[in-house]
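None of the figures in this text is laboratory data; all of them are computed from the coordinates on show. On a predicted model such as this, the values are computed, not experimentally measured, just so you know. Heads up, the Cβs are rebuilt from the backbone with ideal geometry, glycines too, and the neighbour counts pull from every protein chain shown.
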Amino acid sequence: MLKEEYHCQVPDTLEELLKLPGVGRKSANLIMGDVFGKPAIVTDTHCIRLTNRMGLVDGIKDPKKVEMELWKIIPPEEGSDFCHRLVYHGREVCTARTKTPYCDRCCVAEVCKKCI
């Protein structure tokens, strides 16, 4: 399909990327932000977990719904970077695999719903 319909060029719109076999919303947004430098919000497990813990979204687990809520509060040009920072923060500080996250070393603890 990429060869026939797009002449071996990766499409640069979310709609066209989603038409490619095996490309879901997360991958399409990642390509949009990292490859094309376009506004994108990548909702992976870290993003969903952290935005719920921090209170940026309230009890939403569906990736597309989290993405839509974040579009309301994150400036488009900052979406991709914001999500990459969440991944790092989720791996190093606000972890999923420990009983409690490391709130004592969290840079956003004072505004985090889980900590206050």
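Data for the structure
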| quantity | calculated |
| --- | --- |
| DSSP loop trypsin sites (Lys or Arg not before Pro) with at most 16 other Cβ within 10 Å excluded, longest remaining stretch of the chain | 20-60 |
| Magnitude of the charge dipole, the chain, Cβ model with Lys/Arg +1 and Asp/Glu -1, debye to 20 | 660 |
| Cα-based Lys pair tally, the chain, threshold under 15 Å, eight or more apart or on separate chains | 7 |
| E110 versus F36: modelled label distance in nm, points set 7 Å from Cα along the beta carbon direction | 4.0 |
